[in-house]
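Here is the structure we will look at, set down as structure tokens.
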Amino acid sequence: MNFDLDENQEMFKAAVERFCGGADVPARLAARRLPGGLDRARWQELAELGLIGLAASEDDGGMGGSVLDLAVVAQALGYGQAAEPWLECGFIPARLLAGTEHGAVVIAGVAIAAFAFAEPGRRYVLEAQGVKVRGGRISGTKQFVLGGAAADLFIVTAEMDGATRLFAVPATAEGIEIRPYPVADGGVAAILTLRDVPVGEPLTADLGAALDAARLMAAAEIAGLAHRLFDDTLAYIKTREQFNQPIGRFQVIQHRMVDAYAKVESIQSALYRAVLQPAAPMAAIKAHVAEQAIWVAHQAVQLHGGMGMSDDLAIGHGLKRIVLLSKLFGDPAGDILDYARAA
């Protein structure tokens with residue numbers, strides 16, 4: 001089977017590589033200290049490259065990218081360790097805002113949207129319960145709103161007439177309280193409290209399909225991160241010396257790197273399956289990818305020593321991002337168990 005990228009996919013991959021090329025660790029840390037934890041100029045640049053529009057249909061002013069096109073972008077962003085939350089504030093909003101007036105400004109990078117689905121005490125449950133819409137007004141609390149501190153628009157799940165619906169809520173609406181807080185990967189999420197905020201008609205996007213696609217993009221980004229951590233660690237053990245020789249010459253280190261390489265290849269194979277088989281169980285594939293990638297990341301940190309967990313090296317940032325993505329829309333243990341029960 002031919003896994004070579006076509007001309008357009010190579011173009012998008014190259015664009016992402018150029019975009020990520022100048023973003024070293026100091027630049028990443030500086031961006032995290034900006035209001036909302038996001039560099040809006042960089043976000044605008046990402047949008048101008050078409051990386052948000054790729055996730056939207058042509059009817060909505062996007063580019064209608066294929067699953068493979070998007071997976072290539074997500075994996076390249078992972079490998080480049082981009083600080084910008086493309087998945088959370090780009091891909092997911094582009095899918096959920098399909099057919100609305102908000103889509104165009106989000107695709108253009110003029111406005112930043114965040115998806116608010118998690119509720120206190122309900123962990124990975126995606127059905128809304130505590131946030132309700134009654135009489136055209138929405139009330140309740142959402143937590144773990146990734147990118148929420150920088151958001152101009154929230155896409156909120158809420159219970160209405162016994163079903164979970166989606167609503168677009170401007171961040172400037174009266175009755176909204178936004179409380180930012182840092183999360184594991186260095187980004188800034190928010191706790192969103194809504195008190196009788198007026199809302200319009202529910203969005204018509206298919207939430208289940210959008211989240212399955214988001215799981216695939218998370219798996220692709222994790223694959224890129226795992227590959228980057230492996231490559232960086234391989235380069236490091238060739239130069240780090242102990243007992244007057246590179247540590248990569250020690251057999252125990254070589255064995256660990258061989259095991260890491262096998263897991264990186266397993267991750268890539270799972271990603272190929274997800275791209276080629278749209279009906280594949282995306283939650284289980286994401287769980288497998290995350291489980292293998294966390295192991296690779298732990299090896300990378302250990303082989304770098306104590307500095308591997310510091311904010312001065314990209315290794316630690318990669319591990320933290322993998323951990324966050326592994327728990328987005330379900331964690332590896334729960335998703336694998338659910339899939340086994342269903343099978």
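Looking across L319, L328, L271, L234, one residue alone is part of a loop (DSSP other than H, G, I, E, B) and among the hydrophobic types (A, V, I, L, M, F, W, C). It is L328. Residues of segment 80-116 that are buried (at least 22 other Cβ atoms within 10 Å of the Cβ) and more than 25 Å from L34 (Cβ to Cβ): R95, L96, G103.
Check whether at least one residue in segment 126-133 is of a type outside the set (G, A, S), surrounded by fewer than 19 Cβ atoms within 10 Å (Cβ to Cβ) and at pLDDT 95 or above, and report yes or no.
Pass one, segment 126-133, residues of a type outside the set (G, A, S): 126-127, 129, 131-133.
If we keep only those that are surrounded by fewer than 19 Cβ atoms within 10 Å (Cβ to Cβ) as well, we get 126-127, 129, 132.
Among the residues that remain, those that are also at pLDDT 95 or above are: 132.
Yes, segment 126-133 has at least one match.
Yes/no per residue for (1) modelled with pLDDT of 90 or more; (2) on the phi > 0 side of the Ramachandran plot; (3) of a type in the set (D, E):
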{"residue": "D24", "(1), (2), (3)": "no, no, yes"}
{"residue": "L29", "(1), (2), (3)": "no, no, no"}
{"residue": "G50", "(1), (2), (3)": "yes, yes, no"}
{"residue": "G62", "(1), (2), (3)": "yes, no, no"}
{"residue": "V67", "(1), (2), (3)": "yes, no, no"}
{"residue": "A74", "(1), (2), (3)": "yes, no, no"}
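Going by what's in this entry, would R122 be described as modelled with pLDDT under 95, of a type in the set (K, R) and over 22 Å from A41 (Cβ atoms)? Yes: the conditions hold for R122. Among the residues of segment 36-46, which ones are out of contact with any helix residue (DSSP H, G or I) (no Cβ under 7 Å at 6 or more places or on another chain) and not charged (D, E, K, R)? Of everything in segment 36-46, those that are out of contact with any helix residue (DSSP H, G or I) (no Cβ under 7 Å at 6 or more places or on another chain) and not charged (D, E, K, R) turn out to be A41, W43, Q44. A count restricted to segment 219-251 and to residues that are touching a helix residue (DSSP H, G or I) at 6+ places or on another chain (Cβ under 8 Å) and farther than 16 Å from S266 by Cα stands at 11. Answer yes if at least one residue in segment 242-254 is in the same structural domain as A213 (by TED's automatic domain parsing), assigned to a helix (DSSP H, G or I) and touching a residue at least 60 places away in the same chain (Cβ under 8 Å), and no otherwise. No; the residues of segment 242-254 include none that is in the same structural domain as A213 (by TED's automatic domain parsing), assigned to a helix (DSSP H, G or I) and touching a residue at least 60 places away in the same chain (Cβ under 8 Å). Within segment 99-117, residues that are in contact (Cβ under 8 Å) with a residue 40 or more places away in the chain and part of a helix (DSSP H, G or I) reach no partner that is surrounded by 19 or more Cβ atoms within 10 Å (Cβ to Cβ) and among the basic types (K, R) with beta carbons closer than 7 Å at six or more positions or on different chains.
For segment 121-144, name all the residues that are under 21 Å from the mean Cα position of the chain (by Cα) and either closer than 19 Å to D196 by Cβ or of a type outside the set (A, V, I, L, M) (or both). Please lay out each step first, then the result.
So in segment 121-144, the residues under 21 Å from the mean Cα position of the chain (by Cα) come out as 122-127, 142-144.
Across segment 121-144, the qualifying residues are R122, R123, Y124, E127, K142, Q143, F144.
Mind counting the residues in segment 187-221 that are among the acidic types (D, E) and crowded, with 16+ Cβ neighbours inside 10 Å? Steps first, please.
Going through segment 187-221, the residues among the acidic types (D, E) turn out to be 196, 201, 206, 212, 221.
Next, only the ones that are crowded, with 16+ Cβ neighbours inside 10 Å stay: 212, 221.
So the count comes out to 2.
In segment 154-165, the qualifying residues are those that are touching a residue at least 40 places away in the same chain (Cβ under 8 Å) and surrounded by fewer than 21 Cβ atoms within 10 Å (Cβ to Cβ), and the one that is nearest to G208 (Cα to Cα) is T164.
The values are calculated or read from the model by the stated rules, or taken from the named source; none is laboratory data. Predicted model, so just to flag it, every value in this text is computed and none were measured. Backbone-built Cβ (ideal geometry, glycine too); neighbour counts: all protein chains shown.
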